[in-house]
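> Handing you a structure now.
The values are calculated or read from the model by the stated rules, or taken from the named source; none is laboratory data. As the structure is a prediction and not an experimental result, all values here were calculated from the model. Cβ atoms come from the backbone with ideal geometry, glycine included; neighbour counts cover every protein chain shown. Accessible surface areas use protein heavy atoms only, side chains included; no ligands, DNA or RNA. Shrake-Rupley method; radii C 1.70, N 1.55, O 1.52, S 1.80 Å.
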Amino acid sequence: MRFDIFKIAACAALALTAGVASAGDDVLYWMVGSDATVEKGGVTTSVSSFFENYGATEGSAFAARVRVTGGNIQDGQDVFLDLYIPGYGLDVGGGEYGVEFSEVGGYWGAGVPTGNQSPSGDYSAGTPEYSFIVELGNIDSSDNWTTVATSASASYSSLGDYIHETFDINPGQIAVWAPNMFTAVPEPSSGLLTLIGFAFLALRRKRKEA
């Protein structure tokens with residue numbers, strides 16, 4: 001599965017890699033920890049409990065990614081922050097699949113304990129300003145991502161304390177953006193699913209008739 005390579009991403013600060021980027025490259029340090037909560041239908045639970053009750057299929061996993069909005073990004077355009085992977089370097093486009101939730105050194109989350117590193121320099125300026133949203137998602141065995149919860153949007157300027165140089169020599173002392181309040185994405189209603197089913201059935205019949 002595509003997300004398997006991101007199991008080691010949570011160890012980013014534990015195994016520094018030289019030469020993957022110049023020291024002047026800015027990155028956003030971010031993670032989702034075990035203290036995060038998800039609000040659904042007026043009820044707030046821990047993120048781990050939310051995942052347990054989600055009803056994921058066998059072979060799937062939960063992960064977190066950072067969506068970029070604002071600036072010159074068009075409505076409906078999917079843009080995600082890339083990721084630096086220890087021993088691998090910059091995984092261009094890998095941000096779409098995010099970082100899998102796992103346990104590292106007694107800590108549980110996505111990017112724990114000291115944060116993922118995502119290049120952010122391209123979004124330091126813009127009118128309107130760029131903003132970031134952490135999305136929690138479920139990835140099935142075919143690498144299909146389903147967003148299950150989202151954080152509030154945060155502007156680039158508001159995240160200045162969490163933007164540092166790539167692979168800082170003392171990552172343990174670095175501030176990490178760790179949103180801890182998420183809102184569940186509404187699941188399709190049974191009525192909507194029925195309409196979708198009828199639409200596919202009609203399309204299938206039309207193709208047969210052709």
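> What tally of residues in the range 83-102 results from selecting those that are under 13 Å from V68 (Cβ atoms) and open to solvent by 40 Å² or more (accessible area, probe 1.4 Å)?
Count: 1.
> Consider S48 against the criteria (1) outside any loop (DSSP other than H, G, I, E, B); (2) modelled with pLDDT under 95; (3) open to solvent by less than 60 Å² (accessible area, probe 1.4 Å); (4) out of contact with any strand residue (DSSP E or B) (no Cβ under 6 Å at 6 or more places or on another chain): it satisfies all of them except one. Which criterion is unmet?
Among (1) outside any loop (DSSP other than H, G, I, E, B); (2) modelled with pLDDT under 95; (3) open to solvent by less than 60 Å² (accessible area, probe 1.4 Å); (4) out of contact with any strand residue (DSSP E or B) (no Cβ under 6 Å at 6 or more places or on another chain), the lone unmet condition for S48 is (2).
> Among the numbered criteria (1) at pLDDT 95 or above; (2) open to solvent by less than 70 Å² (accessible area, probe 1.4 Å), which single criterion is violated by D35?
(2)
> Being open to solvent by 20 Å² or more (accessible area, probe 1.4 Å), in contact (Cβ under 8 Å) with a residue 24 or more places away in the chain and over 18 Å from the mean Cα position of the chain (by Cα) is true for just one of G55, G105, G70. Which residue is that?
Residue meeting the stated conditions: G105.
> While we're on this one: Take L159 and tell me if it is open to solvent by less than 70 Å² (accessible area, probe 1.4 Å), part of a helix (DSSP H, G or I) and either modelled with pLDDT of 70 or more or closer than 25 Å to G41 by Cα (or both).
yes
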